[in-house]
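Engineer: Would you mind keeping the following structure in view while I ask a few things?
The values are calculated or read from the model by the stated rules, or taken from the named source; none is laboratory data. Values in this document were obtained by computation on a predicted structure and should not be read as measured data. No Cβ is skipped: glycine too gets one built from the backbone with ideal geometry, and neighbour counts run over all protein chains shown.
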């Protein structure tokens, strides 16, 4: 089934604007934006300690310290905002009103994804912008390319997390249930991702190539590999998996990472569309 069927861009833009307006009124969205901006600014400030004394690059020193913050906060933002997007309107009955208008399921879903996605990326950009300004003033702009690469990978991770949240939301009617499942999944991805890979590899005695493939199934691991590769130029910190990735793919690794994250977004959106079209307001 083609996505080109009955797609009116004007309707998509109108629905996306509605989601952006709703995001500005969402207390959770505002709280997430403030927390991310505050923590990224604090980490940047701490990362700049000793920059002038030891002649280190502000961006190079600080960018790596932001990765763990991103892995912790960004998936939480995307998952919960995505979980709210459909289930809340289905529960309130507003989704029934929207679908009774001359719009298609695809237009509604695409409008929601674009609207929430733009709002999410804007919130992240504010945090990155404030931190980047501080780093540039205090530590110089020598390695700003690494910082920009990190922002790009973070945007992709945010959209993947949003896609997962919307997939959860499309299957449920109650907002509380959608948020609960998204938080549980966030805990699994963030806190048990590395442990799960290590435990699985030990139990099944996986080879390095199989372990790398398993890591690529977790979007957070994919982000970590891509971000560290862009920042450090090598993945020795990841052990055998990192060395295998560099030796096997070399300069093509970044394209593999970006392609994998984009593939996640496409697969999640497609799956959400078919579930959403089948369930509708039910």
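Engineer: Determine which member of the set 64, 42 is surrounded by fewer than 14 Cβ atoms within 10 Å (Cβ to Cβ) and either at pLDDT 85 or above or within 26 Å of residue 133 (Cα to Cα) (or both). Talk me through it step by step, then tell me what you get.
Structural biologist: On the way: 64 fails: surrounded by fewer than 14 Cβ atoms within 10 Å (Cβ to Cβ).
The match here is 42.
Engineer: Being touching a helix residue (DSSP H, G or I) at 6+ places or on another chain (Cβ under 7 Å) and either closer than 30 Å to residue 166 by Cα or buried (at least 23 other Cβ atoms within 10 Å of the Cβ) (or both) is the filter here, so list the residues in region 127-138 that pass it.
Structural biologist: If the condition is that a residue be touching a helix residue (DSSP H, G or I) at 6+ places or on another chain (Cβ under 7 Å) and either closer than 30 Å to residue 166 by Cα or buried (at least 23 other Cβ atoms within 10 Å of the Cβ) (or both), then 127, 128, 130, 131, 135 are the ones that fit.
Engineer: Given the criteria over 26 Å from residue 238 (Cα atoms) and at pLDDT 95 or above, does residue 156 qualify?
Structural biologist: Details: over 26 Å from residue 238 (Cα atoms): no; at pLDDT 95 or above: yes.
No, not satisfied.
Engineer: Right, another one. Answer with yes or no whether residue 71 is at pLDDT 90 or above and under 20 Å from the mean Cα position of the chain (by Cα). Quick ask: steps written out before the conclusion?
Structural biologist: Working: at pLDDT 90 or above: yes; under 20 Å from the mean Cα position of the chain (by Cα): yes.
Yes; evaluated as a whole, the condition is true for this residue.
Engineer: Somewhere in region 4-14, is a residue assigned to a helix (DSSP H, G or I), modelled with pLDDT of 90 or more and closer than 17 Å to residue 162 by Cα?
Structural biologist: Of the residues in region 4-14, the ones assigned to a helix (DSSP H, G or I) are 9-14.
Then keep just the ones that are modelled with pLDDT of 90 or more; that gives 9-14.
Those left that are additionally closer than 17 Å to residue 162 by Cα: none.
Scanning region 4-14 turns up no residue that is assigned to a helix (DSSP H, G or I), modelled with pLDDT of 90 or more and closer than 17 Å to residue 162 by Cα.
Engineer: Which one of the conditions (1) buried (at least 22 other Cβ atoms within 10 Å of the Cβ); (2) within 27 Å of residue 238 (Cα to Cα) does residue 183 fail to meet, given that it meets all the rest?
Structural biologist: (1)
Engineer: Please enumerate the residues belonging to region 223-251 that are within 22 Å of residue 191 (Cα to Cα) and touching a residue at least 60 places away in the same chain (Cβ under 8 Å).
Structural biologist: 223, 224, 226, 227, 228
Engineer: Could you say whether any residue in region 207-228 is more than 30 Å from residue 112 (Cα to Cα), buried (at least 18 other Cβ atoms within 10 Å of the Cβ), touching a helix residue (DSSP H, G or I) at 6+ places or on another chain (Cβ under 9 Å) and at pLDDT 85 or above?
Structural biologist: So the first thing to find is which residues in region 207-228 are more than 30 Å from residue 112 (Cα to Cα), and the list is 207-214, 228.
Next cut, buried (at least 18 other Cβ atoms within 10 Å of the Cβ) only: 211-212, 228.
Now narrow it down to the ones that are touching a helix residue (DSSP H, G or I) at 6+ places or on another chain (Cβ under 9 Å): 211-212, 228.
Remaining after also requiring at pLDDT 85 or above: 228.
Yes, some residue in region 207-228 is more than 30 Å from residue 112 (Cα to Cα), buried (at least 18 other Cβ atoms within 10 Å of the Cβ), touching a helix residue (DSSP H, G or I) at 6+ places or on another chain (Cβ under 9 Å) and at pLDDT 85 or above.
Engineer: What is the one condition in (1) crowded, with 19+ Cβ neighbours inside 10 Å; (2) more than 15 Å from residue 32 (Cα to Cα) that residue 124 does not satisfy?
Structural biologist: The number of the failed condition is (2).
Engineer: Also, I was wondering about something else. Being without any contact (Cβ under 8 Å) to a residue 12 or more places away in the chain and under 23 Å from residue 29 (Cβ atoms) is the requirement here; does residue 122 meet it?
Structural biologist: When the stated conditions are applied, residue 122 passes them.
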